[in-house]
1. Please verify whether the stretch 325-334 includes one or more residues that are among the β-branched types (V, I, T) and either touching a residue at least 60 places away in the same chain (Cβ under 8 Å) or assigned to a loop (DSSP other than H, G, I, E, B) (or both).
2. Just to check your reading of the model, which residue among E254, E277 is surrounded by fewer than 16 Cβ atoms within 10 Å (Cβ to Cβ) and either in contact (Cβ under 8 Å) with a residue 24 or more places away in the chain or assigned by TED's automatic domain parsing to the domain that holds G321 (or both)?
3. Can you find, within the stretch 223-233, the residue that is farthest from D276 (Cα to Cα) among those that are surrounded by fewer than 18 Cβ atoms within 10 Å (Cβ to Cβ) and either under 24 Å from the mean Cα position of the chain (by Cα) or of a type outside the set (A, V, I, L, M) (or both)?
4. Restricted to the stretch 1-56, and to residues that are of a type in the set (D, E) and in contact with a helix residue (DSSP H, G or I) (Cβ under 7 Å, 6 or more places away or on another chain), which residue is nearest to T148 (Cα to Cα)?
5. Could you tell me which residue of the stretch 328-357 is modelled with the lowest pLDDT, considering only residues that are surrounded by fewer than 24 Cβ atoms within 10 Å (Cβ to Cβ) and among the small types (G, A, S)?
6. Tally up the residues in the stretch 97-128 that are touching a strand residue (DSSP E or B) at 6+ places or on another chain (Cβ under 9 Å) and in a loop (DSSP other than H, G, I, E, B), please.
7. Could you list, ordered by first residue, the pairs with Cβ atoms under 6 Å in which the first is in the stretch 84-113 and at pLDDT 95 or above and the second is among the basic types (K, R) and not in a strand (DSSP E or B), at least 6 apart or interchain?
8. Can you confirm whether G152 is surrounded by 16 or more Cβ atoms within 10 Å (Cβ to Cβ) and assigned by TED's automatic domain parsing to the domain that holds G321?
Amino acid sequence: MDEWVARCSQEIARRAPRELEALVAVSSPSGDRHGAEECASVCAALTPDDADLEHVPCSSPDHADDLIARLRGSGSGRLLLLGHLDTVVAHGAHRALAREGDKLVGSGSVDMKGGVVLSLGVLRALAARPQDYAETALLLVCDEEWRTAPFGHVERFAGFDACLCFEGGARTPEGVEGVVVRRKAAGTLRVRAQGRASHSGSAPDRGRNALLALAAAAQAVAGCHDPSGADHLTAVPTVLHSGDAFNVVPGDGELVSDMRADTSEAFSRVTAAIPDEIGGATLHPEMIRLWPGMDSTEATVGLLAGASAALGQPVAAMRRGGASDASHFASAIPVTVDGLGPRGGAAHNPEEYIVEASLATRAAVALALAQAALSR
């Protein structure tokens, strides 16, 4: 292993549990301004002393500002490090970090505060090598988990040589350290139902049942689910709201469904499958979130080869179904790699964790990729 990679990865891993404890201690569900600001303050304190800090408007209205930390150097390369500070865990269910065997368990630990801690460590390591880059920037956003507005940062970093995103890491089935170079497109479909309310006891047939219409719409969405098909489309109804009282025919409501596919064009099949009306209640589908897919497979071949040489072992290219901000940058920064965070599991669940031993190995992967990106 390259000496710089070995030395700095151990230093990052030494500090990481305490830094992760401080970051996880802040409950920061997506959309909570105070939590995001507190997380940004913790991260700002962990940046190198000579980093320029900038708070920029978040892509989502009414959110706290996103944080950018920049290092200026005397070289020529430009590298973007990327992460997010928001979680899906509500304040009431938040868990502070605790060690359980070989795991560090806590809300947002793997998605993705563990990755944020590693990105900060990589930024500090690069601060000692200003001759290697013209600029290294770390962007931390606070709305990744539930953003429906257009992503607002692509133009700011367009033309950078590489983007490294620190979502949770993984190994291949053979145990090789992997990184993500391909992601599915992601879409959120909302179907509104408009029926007519009526008394469910004295006049049930005068109503137009929005709940039954939405139930049919949910079946239509699920009928499009085809993960083994050409587009690897997944279509999953996830939220249904209809009705306010036990003795009233529901007059309106909405259904939300999550969709993933190799290309966003596949989502049109799901929308087309929604009937116009069921039992007199009309159905109105609309896309409220549409994230692009990402395929950096060919553009990152040389980068992964260089990183493998610095690491002293292979770094494998992997694909993943989950959405990520890396997908937004891939069109403007072809050399985009994701999944550089620590290994863990149970994301979006109370048992969310990272494997503590992976902090050192994944830090080494990230450092090797950063070094390879800046030496291209």
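1. Checked the stretch 325-334: at least one residue is among the β-branched types (V, I, T) and either touching a residue at least 60 places away in the same chain (Cβ under 8 Å) or assigned to a loop (DSSP other than H, G, I, E, B) (or both).
2. Working: E254 fails: surrounded by fewer than 16 Cβ atoms within 10 Å (Cβ to Cβ).
So the residue among E254, E277 that is surrounded by fewer than 16 Cβ atoms within 10 Å (Cβ to Cβ) and either in contact (Cβ under 8 Å) with a residue 24 or more places away in the chain or assigned by TED's automatic domain parsing to the domain that holds G321 (or both) is E277.
3. Applying the filter and picking the extreme gives S228.
4. From the stretch 1-56, those of a type in the set (D, E) are 2-3, 11, 19, 21, 32, 37-38, 49-50, 52, 54; that's our starting set.
Remaining after also requiring in contact with a helix residue (DSSP H, G or I) (Cβ under 7 Å, 6 or more places away or on another chain): 2, 19, 50.
Values: D2: 42, E19: 30, D50: 34 Å.
Checked the stretch 1-56; the qualifying residue nearest to T148 (Cα to Cα) is E19.
5. It comes out as S331.
6. 5
7. Pairs that qualify, where the first residue is at pLDDT 95 or above and the partner is among the basic types (K, R) and not in a strand (DSSP E or B), are G106/R95; S107/R95.
8. Working: surrounded by 16 or more Cβ atoms within 10 Å (Cβ to Cβ): yes; assigned by TED's automatic domain parsing to the domain that holds G321: yes.
Yes; evaluated as a whole, the condition is true for this residue.
The values are calculated or read from the model by the stated rules, or taken from the named source; none is laboratory data. Owing to the predicted nature of the structure, the values given are computational and were not obtained by experimental measurement. Methodologically, a virtual Cβ is constructed for each residue, glycine included, from the backbone with ideal geometry; neighbour enumeration extends over all protein chains shown.
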